[in-house]
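Input: a single structure, listed below in structure tokens.
The values are calculated or read from the model by the stated rules, or taken from the named source; none is laboratory data. Quantities reported herein were computed from a predicted structural model and do not represent experimental measurements. All Cβ positions, even for glycine, are placed from backbone atoms using ideal geometry, and neighbour counts span all protein chains on display. With ligands, DNA and RNA removed, areas are computed over all heavy atoms of the protein, side chains included. Shrake-Rupley method; radii C 1.70, N 1.55, O 1.52, S 1.80 Å.
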Amino acid sequence: MVADAAALVVPRSAADLHLKFLNAAGLVGSTLSNLRLILSDPIVGLPALKNYSDNVAELETALRDINTYLSGQNIVYNKAESGYTLFKTFETQ
């Protein structure tokens, strides 16, 4: 997923948000990979358990920031579009 997202062309005005998302998604992916090792290699797995919620919070913030940007650009998804479910969770209040 991160590699696919990294290949996307984004407007220059969204580049920092996109990078923040890529970094956060990469951290979550890495953390999940390390969590799989918690029983076979606790030295790798246990720190991942500790970092998981922080990394997910960073991803949530990145997605919320992207949603705010998109809303500011009058870009909204309808129920038939794939972005709807993802960004509906992060609507600005």
Open item on the list: Using only Cα atoms and rounding to the nearest 10 degrees, what angle (0 to 90) does helix 15-35 make with the longest principal axis of the chain?
Closed with: 30
Task: Listed residues L27, L8, L59 arranged by accessible area, highest first, probe 1.4 Å - done: L8, L27, L59
Task: Reported label for calculated Cα extents along the principal axes in Å given (1) 48, 26, 22; (2) 49, 27, 18; (3) 72, 34, 22 - done: (1)
TODO: Return a whole-number percent for the relative contact order of the chain, with Cα pairs under 8 Å and 6 or more residues apart as the contact set.
DONE: 25
TODO: Quick one: order T89, T61 from most to least accessible surface, probe 1.4 Å.
DONE: T89, T61
TODO: Specify the angular offset, from 0 to 90 degrees and rounded to the nearest 10, of the alpha carbon long axis of helix 42-72 from the longest principal axis of the alpha carbons in the chain.
DONE: 0
Task: Computed E for I75/D54 - FRET, C-beta separation, R0 22 angstrom, nearest 0.05 - done: 0.15
Open item on the list: Taking the solvent-accessible surface of protein heavy atoms with a 1.4 Å probe, what is the per residue accessible area of the chain in Å²?
Closed with: 71
Open item on the list: Using 0.36 nm times the number of residues separating K88 and M1, minus their current alpha carbon distance, what extension gain do you get?
Closed with: 29.4 nm
